[in-house]
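Heads up, the thing below is written out as structure tokens.
The values are calculated or read from the model by the stated rules, or taken from the named source; none is laboratory data. Values in this document were obtained by computation on a predicted structure and should not be read as measured data. Please note: Cβ atoms are built from the backbone with ideal geometry, for glycine as well, and neighbour counts cover all protein chains shown.
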Amino acid sequence: MEGLVMAAQLLAGLSILVGIHEFGHFAAAKFFKIRVNKFYLFFDFLFPFPNLLKFSIFKLKRGDTEYGLGWFPMGGYVDIAGMIDESKGADDLESEPQPWEFRTKPAWQRLIVMLGGIIMNIITGILIFIGISYSTGERYLPISEINKYGIYASELGERVGLKTGDKIINANGQPVKQFRDIVDPNFLLEQNSYLTVEREGKEVRVDIPKEMIEWMSEDEYKKMSYVYPRDPFIVKRVLPGTPADKGGLQPKDVPVAINGKELPYFNEFRQALAPLSGKEITLTVLRDEQPVDLNIKVSDEGTLGFEMNSRLKAEYKQYTFLEAIPVGTKDAFNVIIVQIKAFGKLFRGEVSASKSVSSPIGIAEVYGGTWHWLQFWTITGMLSMVLAFMNFLPIPALDGGHVVFLTYEIITGKKPSEKVLMVAQQIGMLILLSIMVFAFGNDIFKLISR
């Protein structure tokens, strides 16, 4: 079932984003009175082989344009008359140029058509993040609240050099206002990032290793942050029929110790339970501020069976719609800034391609096996900005490759020949196909080796 939910979210997200991207090209072409032969969601051929397995699930002709749903769910496309793309080459353009064709229009109009998809993805990403900011506001933990108890360093955090109980003084020499500042990818991807912490009354500098992002992609750390709030907690709800229920745990109890060892913070509490699976423990709780000992047998999964509430005091800010516009816009463009920094690490060899490149298999895992609307729209908004960024890369066959040639034409006044464009398109398709094969092979290998 989790696999089906992952696939459904991936298909829904990509359908939205690809449809909007292609509509950007379509709308710009129509505005400049360029004929659009086809507008398809998904491919009606085996991408990137335009003459193989050509059929559509649905199609409808309106005016000069055929609208359809392809069978191969890897994207989508618009077939713009007079333009060399993945579905045709120079041989398709041997006829006399017509006034309604892409190739006869001024370079600046063709440039806008090629930027149409990127622009639509940027607008979509911004609107999604504005909507999230407006509907959910911002809940955050002030660093002053975190420093009452210190941080909890996970295995990854300990590998970095942090220790549980450290208190955050600054990040890269700058004051830290809230907890998320130190887990923000922008901070982690900076060159020579470091934290200054208070440990046993002394200031200690902890450098963030340049391999940090690569470590975070390893299977053992993939679902783990390097640092968490050290979280005093209270029982919110006891699940019926669980060891906690049978052992007498009650809502509003405050667990403080296991077998006499003080464990008032949730992460340490959960970590201590794991090796005690199947064993009986003495759980000490505060009930109406009085200590009570409960004998409970830990489940085979190393859990007791209750939901908890944090006792940390989070702050919350609700945004008006006008306030949400700059906040959401900043969050959206922050995704692109993170991508640029990540590419920098990749090109400097600080992160390996095998741990950085993902196919739709990897994207589906990011969506996860449960459907939460906030998570779905957050990931879809991020993907929209990533899609815009990736399409702007100067690789022939991507929109960015066309933009490079059109910019050259506008500056020099010289139009590259159709033969040059065709060869560039073929080289670009070869590059994209190689990346696609590598990404799918990489993700499949990861699944098999788990």
Can you tell me how many residues in the range 398-426 are modelled with pLDDT of 85 or more and part of a helix (DSSP H, G or I)?
-> 14
Restricting the range 115-145 to residues that are surrounded by fewer than 23 Cβ atoms within 10 Å (Cβ to Cβ) and touching a Leu at 6+ places or on another chain (Cβ under 8 Å), which is farthest from PHE392 (Cα to Cα)?
-> GLU145
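Yes or no, residue by residue, for (1) aliphatic (A, V, I, L, M); (2) farther than 30 Å from THR104 by Cβ:
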position: ALA12; (1), (2): yes, yes
position: GLY19; (1), (2): no, no
position: ALA28; (1), (2): yes, no
position: PHE42; (1), (2): no, no
position: PHE49; (1), (2): no, no
position: ASP64; (1), (2): no, no
position: LEU69; (1), (2): yes, yes
position: PHE72; (1), (2): no, yes
Take the residues in the range 217-251 that are touching a strand residue (DSSP E or B) at 6+ places or on another chain (Cβ under 6 Å) and basic (Lys, Arg), then tell me which one is surrounded by the most Cβ atoms within 10 Å (Cβ to Cβ).
-> ARG230
Hey, can you tell me all the residues within the range 11-60 that are more than 30 Å from THR370 (Cβ to Cβ), small (Gly, Ala, Ser) and at pLDDT below 95?
-> SER56
Of those in the range 149-171 that are part of a loop (DSSP other than H, G, I, E, B) and without any contact (Cβ under 8 Å) to a residue 60 or more places away in the chain, the residue nearest to TYR194 (Cα to Cα) is GLY161
Inside the range 29-72, counting only strands (runs of 3 or more DSSP E) that do not spill past its ends, which hold 1 or more residues that are crowded, with 16+ Cβ neighbours inside 10 Å and charged (D, E, K, R)?
-> 36-43, 65-70
Can you find even one residue in the range 3-10 that is part of a loop (DSSP other than H, G, I, E, B), within 26 Å of the chain's Cα centre (by Cα) and at pLDDT below 85?
-> no
Name the pairs whose Cβ atoms lie under 8 Å apart, with the first residue in the range 329-357 and within 16 Å of ASN192 (Cα to Cα) and at pLDDT 80 or above, the second assigned to a helix (DSSP H, G or I) and among the aliphatic types (A, V, I, L, M), and 6 or more positions between them or separate chains?
-> ALA342/ILE213
